[in-house]
Amino acid sequence: MNPSEHITRLLQEVSEGDATAEKQLVGMVYDELYVLAQKNRRVWNNNETLNTTALVHEAYLKLIQQKEKNWENRVHFYAVASKAMRCILVDHAKRQKTDKRGSGSVKMPLNEMLLCPAEKSDEVIALDEALKRLAKIDESHSRIVEYRFFCGFNIEETAGLMGISPATVKRNWNLARTWLYREIRSSIT
């Protein structure tokens, strides 16, 4: 059994509540989750203050604590993991923005404070809001951005995951990026 098939089998067993499979899974996916977290750091132009390890741990906990664990396969798992990382980073950016305005909220642990530099909070929030608007207009364009930008999947992987041609992914990726750029620029300025 190749590693991809083994991970898919473990994901199914974890979905069924197998605690042993969960322990095996973390050992097999940790390195790939770490790479995925590094790709998610691109949101902040690879700012070295980001704590990739904390992001991986937080995302993994979020995934494992879900009540419904219906991961279809390895690629689907990593797509869900990427979305979890995006949510963590956006939530952190929102907390930082609130803290900047003097909300009096409780200080965060050092690991969380290193997730996103405060000066990038507005950009992270703008990107997230633009992606939500894009999803309302065209869900497939939004998913392409998720898979390409946050998961780091290439054109072929994205096409396979979505069941569409690579040419369609490439065309829609270019359209979505242009649309997002315009939306983000107008919301930040």
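No value in this document is a laboratory result; all are computed from the given coordinates. As the structure is a prediction and not an experimental result, all values here were calculated from the model. A quick note on method: Cβ atoms are made from the backbone with ideal geometry, for glycine too, and the neighbour counts reach across all protein chains shown.
Excluding Ile7 itself, what net charge comes from residues whose Cβ is under 9 Å from its Cβ, given Lys and Arg +1 and Asp and Glu -1?
0
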Handout entry: Spin-label zone in region 51-76 - amide nitrogen under 16 Å from a point set 7 Å from the Cα of Asp91 along the C-beta vector
Key = 54-68
Handout entry: Förster radius 35 Å - calculated FRET efficiency between Ile64 and Asp138, Cβ distance, rounded to 0.05
Key = 0.65
Handout entry: 13 Å beta-carbon shell around Lys69, net charge (K/R +1, D/E -1)
Key = -4
Handout entry: Nearby aspartates and glutamates by direct alpha-carbon distance to Lys97 (threshold 12 angstrom, same-chain neighbours under 8 apart not counted)
Key = Glu119, Asp122, Glu123
Problem - Projected label distance in nm at Gln38 and Leu175, using a 7 Å step from Cα toward the beta-carbon - result: 3.4
Practice task
Calculate the spin-label point distance for Ser165 paired with Thr53, positioning each point 7 Å from the Cα along the beta-carbon direction, and give it in nanometres.
Solution key: 4.7
Handout entry: Eligible lysines near Lys94 by straight Cα distance, threshold 29 Å, same-chain separation 8 or greater
Key = Lys39, Lys62, Lys67, Lys69, Lys83, Lys107, Lys120, Lys132, Lys136
Practice task
Take the alpha carbon gyration tensor of region 127-176, find the square roots of its eigenvalues, order them as a ≥ b ≥ c, and report rounded if a/c is under 1.5; if not, report prolate when a/b exceeds b/c, else oblate.
Solution key: prolate
